[in-house]
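A quick write-up on the structure given underneath.
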Amino acid sequence: MREYKTTETRILTRLICNCCGKVVALRGGIPMEGVCAVRQSWGYPSEKDGEQDSFDLCEACYDCITGQFKVPVTRTEQIEWL
Ligand SMILES: [Zn+2]
């Protein structure tokens with residue numbers, strides 16, 4: 001016996017770097033290179049209280065932007081659970 005749940009799924013069909021405009025290649029809705037997805041919800045006491053910003057950066061733009069930081073990005077190794 002099989003039971004299925006009908007769901008509506010969203011599949012990513014196009015991904016563009018907000019910084020340089022590069023179209024990131026996708027396969028089955030999955031980006032084929034590293035992408036930095038930023039989702040920021042602003043709250044009090046921000047002047048953007050109640051607003052949400054979102055943007056994506058290709059890896060080259062991420063490296064370029066973060067390379068200009070006076071304090072470098074904190075980078076640690078991720079533990080992969082197999
Ligand atoms: Zn870019």
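What follows is calculated from the coordinates using simple rules that are stated; it is not laboratory data. Quick caveat, the model's predicted, so the values are computed rather than measured. Glycine gets a Cβ as well: all are built from the backbone with ideal geometry, and neighbour counts include every protein chain shown.
Summary table
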{"read-out": "Mean ellipticity per residue at 222 nm, deg cm²/dmol - from DSSP H runs of n ≥ 4 across the chain, formula -39500 (n - 2.57)", "value": "-2500 deg cm²/dmol"}
{"read-out": "Those GluC sites (Glu not before Pro) in the stretch 1-59 that DSSP places in a loop and that have at most 15 other beta carbons within 10 Å", "value": "3, 8, 33, 47, 51"}
